[in-house]
Amino acid sequence: MYRVLLVDDEENVLEILKSTIQWLELGVELLLMAQNGQHALEIMEQQRIDLLITDIEMPCLDGISLIRQVRTLYPDTRCILLTAYGVFE
């Protein structure tokens, strides 16, 4: 069973991801959500996370910076970046 953390500053995006994907059928036992990268790191201090799905653009700590820290602190966690932006550096 897997533990997944969804991170996005837009609550409606989190709700869409939560409700449209059949998490249980994919073997997800725990689905957590955070609205910024800093909150995500706080959750990860308390819970082992197998998959981190994060937006790129967020306040406090953006998705790329979050993934950099996760790679150092939790190297076994897999990461996926999401974005609605067509152009970014």
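Miscellaneous remarks
- Taking amide H as placed 1.01 Å from N in the peptide plane, the amide H of Leu32 sits under 5 Å from that of Val4, Leu5, Leu6, each at least 5 places away or on another chain.
- Matching label, semi-axes √(5λ) of the Cα gyration tensor in Å computed from the structure shown, candidates [x] 19, 17, 11; [y] 21, 14, 12; [z] 25, 18, 12: [x]
- Averaged over residues, the count of other Cβ atoms within 10 Å places the peptides 1-11, 67-77, 16-26 in the sequence 1-11, 67-77, 16-26, highest first.
- Helix-only CD estimate at 222 nm, as mean residue ellipticity for the chain, using -39500 (n - 2.57) per DSSP H run (n ≥ 4): -10500 deg cm²/dmol
- Accessible carbon and sulfur surface of the chain relative to its total accessible area, %, 1.4 Å: 51
- Amide H partners (placed H, <5 Å) of Glu57, local residues excluded: Gly63
- Comparing Cα centroids, the range 60-85 and the range 1-56 end up 12 angstrom apart.
The values are calculated or read from the model by the stated rules, or taken from the named source; none is laboratory data. Remember, predicted model here, so these are calculated numbers, not experimental data. When we count neighbours, we look across all protein chains shown, and the Cβ atoms used for this are built from the backbone with ideal geometry, even at glycine. With ligands, DNA and RNA removed, areas are computed over all heavy atoms of the protein, side chains included. Shrake-Rupley method; radii C 1.70, N 1.55, O 1.52, S 1.80 Å.
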